[in-house]
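> Sharing a structure with you now.
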Amino acid sequence: MNPFSAYSLVCLGAYLLGAIPFGFLIARTRGIDIREHGSRNIGATNVFRVLGRTWGLLTFACDAGKGALAVVLARHFAGVLAIDGVLAGIAAALGCLVGHSFPVWLRFKGGKGVASSLGVLLGLMPVASLIVLGIWGVVFRVSRYVSLASLVAAVALPVVVSGLLKTGRLEGMAHLYFAGVAALLVIWRHRENIGRLRAGTENRFGRK
């Protein structure tokens, strides 16, 4: 198998894994179509608001878990496919994020990629993921806006990765390119939230 086909296979497999709509499936076990409630998003935040803490956290864990699993599996099979492990992990990370955001099973209408982004970051760059998670936590605690915290974390991601590369705690410029693409995807998926934040109509977490 040539390298292009191998990376394409990794990306496709990760896309299908990322496309598993855990929020939708978990809500269905409770007799609810999450797409008809709250913000109508299948992500963990909407599940949390509609079904409560337990189901929201479960959705978050599943979405983050599939992101980490996609990267781990890609790196594990990179040797079998005779491709670079780092690039395989990045290809899987991108495929998983696209799958989560545009799942084929739900007519390409998925989540906003925050939990799955954390998952792939844990698999690719654990230190960067913890720093970005800390930034998300600080912004959320101060503002109580999940969307704002996610946007600030997305913007911070390439900056954090660049800093880790310069200090030698991370190697490979491909990580920076991935960070840029991932940040743009999260920002683009939050474009409606950006409009509501500017208009002052975005809901703070904990309020209906």
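> Could you check the stretch 79-99 and list, in sequence order, the residues that are in a helix (DSSP H, G or I), in contact (Cβ under 8 Å) with a residue 12 or more places away in the chain and either out of contact with any helix residue (DSSP H, G or I) (no Cβ under 7 Å at 6 or more places or on another chain) or not β-branched (Val, Ile, Thr) (or both)?
Within the stretch 79-99, Leu81, Leu87, Ala88, Gly89, Ala91, Ala92, Ala93, Leu94, Gly95, Cys96, Leu97, Gly99 qualify.
> Being more than 30 Å from Ser8 (Cβ to Cβ) and of a type in the set (D, E, K, R): is that true of Lys109 here?
no
> Got a sec? Which of Ile83, Ile42 is β-branched (Val, Ile, Thr) and under 18 Å from Val146 (Cα atoms)?
Selected residue: Ile42, the only one of Ile83, Ile42 that is β-branched (Val, Ile, Thr) and under 18 Å from Val146 (Cα atoms).
> Could you tell me which residue of the stretch 1-36 is nearest to Gly85 (Cα to Cα), considering only residues that are assigned to a loop (DSSP other than H, G, I, E, B) and free of Cβ contacts under 8 Å to residues at least 40 places away in the same chain?
Asn2
> For the stretch 52-86, enumerate the residues that are among the basic types (Lys, Arg) and either over 17 Å from Phe24 (Cα atoms) or modelled with pLDDT under 95 (or both).
Arg53, Arg75
> With respect to the numbered conditions (1) within 23 Å of Lys112 (Cβ to Cβ); (2) modelled with pLDDT of 95 or more; (3) part of a helix (DSSP H, G or I), which one is the sole condition not fulfilled by Arg49?
Among (1) within 23 Å of Lys112 (Cβ to Cβ); (2) modelled with pLDDT of 95 or more; (3) part of a helix (DSSP H, G or I), the lone unmet condition for Arg49 is (2).
> Starting from residues that are crowded, with 20+ Cβ neighbours inside 10 Å and of a type outside the set (A, V, I, L, M, F, W, C), keep the ones in the stretch 55-73 and report whichever is nearest to Ala174 (Cα to Cα).
In this case the residue turns out to be Gly67.
> Return the pair list, or none, for Cβ contacts closer than 6 Å from residues in the stretch 137-151 that are in contact (Cβ under 8 Å) with a residue 60 or more places away in the chain to residues that are surrounded by 14 or more Cβ atoms within 10 Å (Cβ to Cβ) and hydroxyl-bearing (Ser, Thr, Tyr), at least 6 apart or on different chains.
Matching pairs, first to second residue: Val146/Thr45.
> Looking only at the stretch 63-84, decide whether some residue is over 19 Å from Ser8 (Cβ atoms) and in contact with a Pro (Cβ under 6 Å, 6 or more places away or on another chain).
No; the residues of the stretch 63-84 include none that is over 19 Å from Ser8 (Cβ atoms) and in contact with a Pro (Cβ under 6 Å, 6 or more places away or on another chain).
> Any residue at all in the stretch 74-89 that is surrounded by fewer than 20 Cβ atoms within 10 Å (Cβ to Cβ) and at positive phi?
Yes, because at least one residue in the stretch 74-89 is surrounded by fewer than 20 Cβ atoms within 10 Å (Cβ to Cβ) and at positive phi.
> Output the residue which, of all residues in the stretch 39-49 that are free of Cβ contacts under 8 Å to residues at least 40 places away in the same chain and either of a type in the set (Ser, Thr, Tyr) or surrounded by fewer than 17 Cβ atoms within 10 Å (Cβ to Cβ) (or both), is nearest to Pro103 (Cα to Cα).
Taking the candidates together, the pick is Arg40.
> Could you tell me which numbered condition Gly52 fails, if it satisfies all but one of (1) under 21 Å from Asn203 (Cβ atoms); (2) crowded, with 18+ Cβ neighbours inside 10 Å?
(2)
> With the checklist (1) under 15 Å from Leu12 (Cα atoms); (2) over 14 Å from the mean Cα position of the chain (by Cα) in hand, flag the one item Gly52 doesn't pass.
(1)
> Taking the conditions exactly as written (hydroxyl-bearing (Ser, Thr, Tyr) and in a helix (DSSP H, G or I)), does Ser39 satisfy them or not?
Taking the combined requirement at face value, the residue does not satisfy it.
The values are calculated or read from the model by the stated rules, or taken from the named source; none is laboratory data. Not measured: the values here are computed from a predicted model. Counting neighbours? That spans all protein chains shown, and the Cβs are built from the backbone with ideal geometry, glycine included.
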